[in-house]
Amino acid sequence: MKLFNTKSKTLNRIITGYAFLGPNIIGFCIFTFFPVIASFMLAFTEWDILTPIKFVGLNNFIRLVQDRDFWYYLYNTLFFMLAIPINMCVSLAMAMLLNQKLKGIVIFRTIYFMPVVSSMVAVALVWRWIYNSDFGLLNSFLHWIGIKTPPQWLSSTIWSKPALMIVSIWQGTGYNMLLYLAALQGIPQELYEAASIDGASWWDSFKNVTWPMLSFVNFFIIITSIISGFQAFGVQYVMTEGGPAGSTTTIVYYIYNNAFQWFKMGYASSIAWVLFIMMFGVTLIQWKAMEKKTHIFYQ
């Protein structure tokens, strides 16, 4: 009898647990799992929504390899990722400055974090106004200091990428700063005291204590930043619409155009899966490199 009651209670707990998980599982299947499977199947087809689906095998992937636009937009995507190390340096510098026990320091931490929680569309529109070549704040300032012909930021194929990189750095720095700040506060002070007794300078302490202790945070930031970089779309869409001359069009923007502008669903799905393979490969390489560094660090 006791065994029966125990099994009944265990079964009730399992049912209760799955009842709580049910909405999340259903949502995951509807909005993630089934669409992923559908996109994988569409990658081997040709479909414009209006006509029946036509199986074309590997033709989409063969076409993708020969597509010059794809490689150019991949270059644009990778170019935007050059902002990642700059973002990390700025974030770490801000975290070290804000890692002080000063009165009112929480206010500054909140101010620097505010761009992260601001609407991406609102941020893009404000920066679009700042970059305006005729009456924007930036060019007005450049005129004021004596530069007669400042760059045409968003309408120049040369300056459009750096302009958008500045926006991404400005908006994303606060999040990484918070991660670094938490990691810095978790470093034992005994390590710094030992380094000070050994006569280590500030740079020696940073190089031999601070930086190694931030390795896991660096790994997390690099991985998430690269994944986010491969998915770049919003700022480009709002500020430049991929222009001028495609100079700010990214891979995700190219997927969007193929799927929802030109209705090439099969080709868009093949690009999406190639993008997934790239992201997975980069993540795997970073993971293996991190495992080696961790093994050496703890030996």
Query raised in the report: Using a basic spin-label model with each label point 7 Å from the Cα along Cα→Cβ, how many nm lie between M96 and Q261?
Result: 4.3
Query - Rg and Dmax [Cα atoms of the range 14-144; Å; Rg one decimal, Dmax integer] - result: 24.2, 70
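Tell me, what are the semi-axes, in whole angstrom and largest first, of the equivalent ellipsoid of the chain as set by the roots of 5 times the Cα gyration tensor eigenvalues?
On the way: eigenvalues 284, 257, 81 Å².
That gives 38, 36, 20 Å for the three semi-axes.
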Report summary line: Ranking P85, A122, I111 by how far each Cα lies towards the positive end of the charge dipole of the range 81-249 (+1 on Lys and Arg Cβ, -1 on Asp and Glu Cβ), the top one is A122
**Report entry** Under 5 Å, built H, 5+ apart or other chain: amide partners of T45
**Finding:** V56
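Using a 10 Å cut-off around each Cβ, can you sort R68, R13, R128 from fewest to most neighbouring Cβ atoms? Could the numbers behind the result be given before it?
Details: R68 7, R13 10, R128 18.
Final ranking by Cβ density, sparse to dense: R68, R13, R128.
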Report task. Using R₀ = 45 Å, calculate the FRET efficiency as 1/(1 + (r/R₀)^6) where r is the Cβ-Cβ separation of S228 and F55; round to 0.05. Result -> 0.85
Report summary line: Expressed to two decimals, the range 81-249 has a Cα Rg over Rh, using the Kirkwood radius, of 1.06
Requested in this report: Return the distance in nm (one decimal) between the two label points of a simple spin-label model at L191 and S8, each offset 7 Å from Cα along Cα→Cβ.
Outcome: 5.6
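Just want to confirm a number: the relative contact order over the chain, from Cα pairs under 8 angstrom separated by 6+ residues, in percent. Provide the component values of the computation, followed by the final result.
Details: 279 pairs, mean separation 83.4, N = 299.
For the chain, the relative contact order is 28 percent.
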Report task. Based on other C-beta atoms within 10 Å, arrange V123, V65 from fewest to most. Result -> V65, V123
Report summary line: Projected onto the charge dipole of the range 81-249 (unit charges on the beta-carbon of Lys, Arg, Asp and Glu, signs +1, +1, -1, -1), the Cα from L164, G243, P188 with the largest positive-side position is that of G243
Query raised in the report: Looking at the chain, do any whole DSSP H helices span at least 24 angstrom along their long axis by alpha carbon and average -1.0 or above on Kyte-Doolittle, and which?
Result: 2-28, 160-185, 265-298
Report task. Would you kindly state how much longer the chain becomes between V65 and I37 on full extension, computed as 0.36 nm times their sequence separation minus their alpha carbon distance, in nm to one decimal? Result -> 7.8 nm
Query raised in the report: What's the exposure ranking of V209, V117, going from fewest to most Cβ atoms within 10 Å?
Result: V117, V209
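Every number here is computed from the coordinates shown, using simple stated rules; none is lab data. Values in this document were obtained by computation on a predicted structure and should not be read as measured data. FYI the Cβ positions are ideal-geometry reconstructions off the backbone, even for glycines, and counts take in every protein chain you see.
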